[in-house]
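Novice: Below is the structure I would like to discuss, written out as structure tokens.
The values are calculated or read from the model by the stated rules, or taken from the named source; none is laboratory data. No experiment lies behind these values; they were computed from the predicted model shown. Glycine gets a Cβ as well: all are built from the backbone with ideal geometry, and neighbour counts include every protein chain shown.
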Amino acid sequence: MAQLTLAGANGTNTTVNDSDVDALKRSFRGDLLQSGDAGYDEARSIWNAMIDKRPSLIARCKSTGDIVEAVRFAKAHDLLVAVRGGGHNIAGNASCEGGMVIDLSAMRAVAVDPQARTATAEPGVTLAEFDKATQEHALATPLGINSTTGIAGLTLGGGFGWLSRKFGLTIDNLIEAEVVTADARVVRASESENPDLFWGIRGGGGNFGIVSSFKYRLHPVGPEVLSGLIVHPFAEAEKLLKFYREFTQKVPDDVTIWVVMRKAPPLPFLPEEWHGKEVLVFAVVCAGDPDTCGEAIKPLREFGNPIADVIGMNPFASFQQAFDPLLTPGMRNYWKSHDFNNLPDAFINEIIKSVNKLPSGHCEIFLGQMGGATSRIAPEATAYRDRDVKFIMNVHGRWETAGEDQACVAWARDIFNAATPYSTGGVYVNFMTAEESDRVKSAYGSGYDRLLELKRKYDPANLFCGNQNIKP
């Protein structure tokens with residue numbers, strides 16, 4: 001009898017009879033792909049080109065029933081499993097070498113109830129698709145900043161973006177979820193049904209099951225918001241960052257200001273002589289009344305001598321895609337991240353030194369402003385713990401060729417190490433690379449033991465290990 005060899009969950013190979021694979025195909029609405037099949041190479045590719053894995057089987061689900069069948073198959077044969085939503089995760093957890101990928105990317109339905117101000121979305125939906133559906137009703141929920149990101153991984157890790165200071169994290173707006181557990185049961189998770197599981201999936205990643213449906217609370221936003229960029233010469237970074245540190249303590253929750261430091265891309269509103277030179281960019285989104293927000297950000301617009309100021313009324317969905325050209329798939333990426341409660345002078349000096357030696361025109365450092373509504377949720381209310389964080393730094397190493405790997409990775413690690421003494425010690429799990437399993441406890445802090453109990457209850461065999469793993 002013909003057999004297929006796959007990687008097993010215990011680190012050894014396992015064999016599966018072709019007849020068992022055929023049986024799975026008969027019960028499956030989606031597609032099962034193996035190496036050599038049409039579409040296999042496209043299906044195994046993910047956003048970060050540093051990750052080049054070849055799963056033996058890709059189960060492209062079209063329904064919750066498909067997810068159930070895939071989980072049953074993987075469990076029965078003790079397979080190494082990865083779960084793919086948008087495939088955007090920096091660590092490459094959306095794929096695995098030799099095992100089985102449960103691929104949710106074809107499940108892309110979004111249903112909006114404008115009266116109830118809720119939206120229900122399948123796990124393959126991207127931010128762009130979600131925004132398109134909700135903005136038809138001038139509604140939104142806090143998501144990330146790159147529209148090709150999948151909502152599933154973003155949500156399970158916590159989720160934050162332009163609207164978070166006003167409306168909280170993505171998980172703070174999650175009402176309920178449908179979850180396929182490791183024993184192939186379909187359960188509801190909410191404040192009233194399986195509340196322990198609901199607590200865990202709000203920040204605990206994909207450790208406890210596969211979410212097949214998310215229901216979110218929506219808020220009136222747009223369709224246009226006051227938003228845009230202020231671009232400064234990086235030579236002025238010290239005084240700009242010190243001003244930013246003080247100014248962000250005073251702005252209302254409606255206002256979110258991020259800092260991006262990189263070599264200037266060839267943006268049409270920038271003079272050509274600045275293309276490729278180091279710049280500091282204030283990215284601003286105002287989720288409230290434009291006139292009130294305009295007054296609130298006036299000091300920021302009047303400070304220093306910017307190269308360009310392109311703040312104005314823009315469609316919210318469009319601004320959500322503003323950074324997409326800098327984050328296209330197929331590039332090599334390596335990230336390092338820290339949480340901060342303040343931006344001391346010594347830390348600012350380290351940032352300046354690092355940006356002055358960027359190893360690639362695609363590398364950048366950003367500081368995301370937190371606080372506001374994100375800090376008014378009790379730390380123990382969800383698995384996401386760092387509610388008092390004021391800034392999240394992402395050192396975004398990004399480059400084109402394998403020959404640049406060593407220099408770019410070393411650069412990211414250097415600024416990460418230099419910034420460590422000034423950080424909280426916490427980290428946002430969605431920004432962690434595959435090598436950072438030693439930081440999982442730091443990410444969850446005092447909530448880790450509760451997550452461990454939850455893992456032992458819902459996934460004692462660690463079927464769902466393709467994540468920032470909580471080992472049972």
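Novice: Within segment 411-426, is even one residue closer than 20 Å to GLY205 by Cα, touching a residue at least 60 places away in the same chain (Cβ under 8 Å) and surrounded by 14 or more Cβ atoms within 10 Å (Cβ to Cβ)?
Specialist: For segment 411-426, residues closer than 20 Å to GLY205 by Cα, touching a residue at least 60 places away in the same chain (Cβ under 8 Å) and surrounded by 14 or more Cβ atoms within 10 Å (Cβ to Cβ): present.
Novice: So which pairs qualify, if the first residue must be in segment 35-60 and in contact (Cβ under 8 Å) with a residue 12 or more places away in the chain, the second must be β-branched (Val, Ile, Thr), the Cβ gap must be under 6 Å, and the two must be at least 6 apart or on different chains?
Specialist: That search, which allows pairs on different chains as well, returns ALA43/ILE58; ASN48/ILE90; PRO55/VAL101; ILE58/VAL101; ALA59/ILE102.
Novice: On to the next question. Go through segment 381-420 residue by residue and tally those that are closer than 22 Å to ARG332 by Cα, assigned to a helix (DSSP H, G or I) and not aromatic (Phe, Trp, Tyr).
Specialist: Qualifying residue count for the region: 14.
Novice: Given the structure, is LEU267 assigned to a loop (DSSP other than H, G, I, E, B) and over 23 Å from the mean Cα position of the chain (by Cα)? Break it down stepwise before answering.
Specialist: Numbers: assigned to a loop (DSSP other than H, G, I, E, B): yes; over 23 Å from the mean Cα position of the chain (by Cα): yes.
Yes, satisfied.
Novice: Same structure, new question: Considering each residue of segment 240-254, count those that are in contact with a Gly (Cβ under 7 Å, 6 or more places away or on another chain) and under 14 Å from PRO344 (Cα atoms), and give that number.
Specialist: Final tally of qualifying residues: 1.
Novice: Now for a different question. Among the candidates ARG72, ARG29, which residue alone is assigned to a helix (DSSP H, G or I), over 25 Å from the mean Cα position of the chain (by Cα) and of a type in the set (Lys, Arg)?
Specialist: ARG72
Novice: Assess whether ALA346 counts as being modelled with pLDDT of 95 or more and either assigned by TED's automatic domain parsing to the domain that holds ASP289 or over 16 Å from TRP258 (Cβ atoms) (or both).
Specialist: Taking the combined requirement at face value, the residue satisfies it.
Novice: Within segment 421-472, how many residues are of a type in the set (D, E, K, R) and in a loop (DSSP other than H, G, I, E, B)?
Specialist: 4
Novice: Quick check on my filter: what residues within segment 289-300 are more than 18 Å from HIS219 (Cβ to Cβ) and either touching an Asp or Glu at 6+ places or on another chain (Cβ under 6 Å) or of a type outside the set (D, E, K, R) (or both)?
Specialist: GLY294, ALA296, ILE297, PRO299, LEU300, listed by residue number.
Novice: Let me ask another. Pick out the one residue from ALA49, ALA43, ALA82, ALA91 that is buried (at least 16 other Cβ atoms within 10 Å of the Cβ), assigned to a strand (DSSP E or B) and within 27 Å of the chain's Cα centre (by Cα).
Specialist: Just one listed residue meets the conditions, ALA82.
Novice: For segment 299-307, indicate whether the set of residues that are among the hydrophobic types (A, V, I, L, M, F, W, C) and surrounded by fewer than 16 Cβ atoms within 10 Å (Cβ to Cβ) is non-empty.
Specialist: So far as segment 299-307 goes, no, none of its residues is among the hydrophobic types (A, V, I, L, M, F, W, C) and surrounded by fewer than 16 Cβ atoms within 10 Å (Cβ to Cβ).
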